[in-house]
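Below: one structure, written as structure tokens.
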Amino acid sequence: MRLLTCHIENFGKLSDFSYDFADGYNAIVLPNGAGKSTFAAYIRVMFYGFSGETKRTETEKERKRYQPWQGGTYGGQITFTVDGKYYLLSRVFGKTAKGDSFRLQDADTLLDSTDYTEQVGQELLGIDAESFLRTIYIGQTECAAFTATDGVSAKLGNQMVETEDMTSYDVANKKLSDAINQLSDKRSTGKLAKLEREAHVLAQEIQAKKAVQEELDSVSNRLTAIKAHWNACVAGKLSAENNEEETTNISGQERFDTIQQRRFEKNLQRKYKGITGVILGLLVIVYALLAAGKGYRMLILICGGFSVAAGAFMLLGYAISRRKQRPEAKPELPKPLSEEQQQQRASEMETLSRQILQYSRRLDELESEFDTLTEKERKLQSLNEELITLREKCDIIQKTKAFLTQAKENYGARYQAPVMDAFRRYYRMLAGDDGTAYGLTATFEMERQEQGMYRDMGYFSRGYQDMTGLCMRLAFADAMFREEKPFLILDDPFVNLDEEKIEHGKTFIREIAKEYQVIYFTCHESRA
């Protein structure tokens, strides 16, 4: 793929600016402030659109930053060729993305082409905007900042279908990390840590349940005993009151006894009359049988029989009345309490009443506390079950994340050697060193061996970081684009190098221009 021409209507400070690109090396030497970085950004934006659309400040929001200083149409055209076809790419930018217009034409016929859409950069190069910035677009301030994005990892395998999978890996890995942090028992905000703290507090509180149960039993037994004592006092008081009532009513009993005596005497008279009647009747009957004449005997016998029957009847009434009037044994009445004893009894019952109220209230409190502790015990059991489930879930997520990371590392390990070989080749050209002190991890992080151990590049000078970053970007470009090579944009990447390294850099640029179309921006002829 090669860029052919470009025309900028208005973009930042550039207006009505045209440039024809040559094959191989293109050196654009302009003084500081002339718009070199704006020109480089224009090429990127034409293929990938603006970055920082959601940012607030104008310096971060590219659409605002590159608005034409002088007004006019915001945009321009670029012609390029790929796979033997020529295209004219036109864009006009509005105040927002909704106001943008895009057109792709066949450069020969000027007919609209549907070979690519507004995502032309990603469709042409097979990498997203971030990956573009980390590889073939080498800005002056970002030269050292190399990162193997998911898009780069997918492009390494030259498997476009994997790009979505690699992006999904990044999303999935973040979600797994977030899930682990949310569940973690190591972080104070983690759900496991919160539940463990809650369970610990409940366990401490539940330890008091045994003591509450013992006190509950003790208070219950004490209350039962006091109530029994109180009931006994109440029974004693009632007996004393009954005894007092009996004493008060004694005169009525005497009157009743007098009446009973009179009835007894009357009944006794009935007895004597009955005996007399029987005896007289028997004498009359004897007389009739022995001495009376025949003419009067029957009459006398009848009279004697009546006398015996009348006497017997009266004796029978006496017997019945006597049985009814038989006196019953009177219960012995308890001795009435003295006034002092009654006062003592009243005082004791008042004390018992207060104790009953006191123990009843305490019993209610203990029962409520016991019920609360029982509920907490059930809650602790539920928490422990939830903790077991969450720990298992967290363990599964951690293992999944580890397996996913291992899979990505295994994927990267396949390209670790070829990328490192290309890096050392470029580093030898740029630094005059074979680059054996460098090592590349399976996650494509470059380290340099120093003082017996590999160290992160952040420990080294900016010059070393720039050289390493530049060589890494080109090594990845080689690995990603094995067939048709893309263009490279270099925005003065040698600014931090010393004179010796700059001379090596010139040779370096000539060499890579044999394979790539290089668009090199600089403000000084010595670096061109």
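What residue, among those in the range 45-77 that are modelled with pLDDT under 90 and among the polar types (S, T, N, Q), is farthest from the chain's Cα centre (by Cα)? The residue in question is Gln70. Of all the criteria given as (1) surrounded by fewer than 23 Cβ atoms within 10 Å (Cβ to Cβ); (2) in contact with a Phe, Trp or Tyr (Cβ under 9 Å, 6 or more places away or on another chain); (3) under 14 Å from Tyr426 (Cα atoms); (4) not basic (Lys, Arg), the one not satisfied by Cys471 is (1). Can Glu484 be described as in contact with a strand residue (DSSP E or B) (Cβ under 9 Å, 6 or more places away or on another chain), acidic (Asp, Glu) and either in a loop (DSSP other than H, G, I, E, B) or free of Cβ contacts under 8 Å to residues at least 24 places away in the same chain (or both)? Here the answer is yes, as Glu484 does meet what is asked.
Would you please list the contacts, defined by Cβ atoms under 9 Å and residues six or more apart or on different chains, that run from a residue in the range 168-187 that is farther than 14 Å from Leu390 by Cβ to a residue that is surrounded by 14 or more Cβ atoms within 10 Å (Cβ to Cβ) and at pLDDT 85 or above? Sorted first by the residue in the range 168-187, then by its partner, the pairs are Ala172/Thr400; Ala172/Lys401; Asn173/Lys401; Leu176/Ile397; Leu176/Gln398; Leu176/Thr400; Leu176/Lys401; Ser177/Lys401. The set of residues in the range 76-91 that are free of Cβ contacts under 8 Å to residues at least 40 places away in the same chain and closer than 19 Å to His7 by Cβ comprises Tyr87, Leu88, Ser90. Condition test on Ala40, is it closer than 22 Å to Phe132 by Cα, assigned to a strand (DSSP E or B) and in contact (Cβ under 8 Å) with a residue 60 or more places away in the chain? So Ala40 fails the test. Residues in the range 346-403 that are within 23 Å of Asn181 (Cβ to Cβ), in contact with a helix residue (DSSP H, G or I) (Cβ under 9 Å, 6 or more places away or on another chain) and not hydrophobic (A, V, I, L, M, F, W, C): 7 in all.
Just one of the numbered conditions (1) at pLDDT 70 or above; (2) touching a Pro at 6+ places or on another chain (Cβ under 9 Å) is not true of Ala240: (1). Listed by first and then second residue, the pairs linking a residue in the range 215-228 that is part of a helix (DSSP H, G or I) to a residue that is exposed (fewer than 15 other Cβ atoms within 10 Å of the Cβ), with Cβ atoms under 7 Å apart and 6 or more places separating them unless they lie on different chains, are Leu216/Glu367; Leu223/Ser360.
For the range 275-292, a residue qualifies if it is under 15 Å from Ala312 (Cα atoms) and either among the small types (Gly, Ala, Ser) or in contact (Cβ under 8 Å) with a residue 40 or more places away in the chain (or both), and the qualifying residues are Ile275, Gly277, Gly281.
The values are calculated or read from the model by the stated rules, or taken from the named source; none is laboratory data. Worth saying up front: this structure is predicted, and the values here are computed from it rather than measured. No Cβ is skipped: glycine too gets one built from the backbone with ideal geometry, and neighbour counts run over all protein chains shown.
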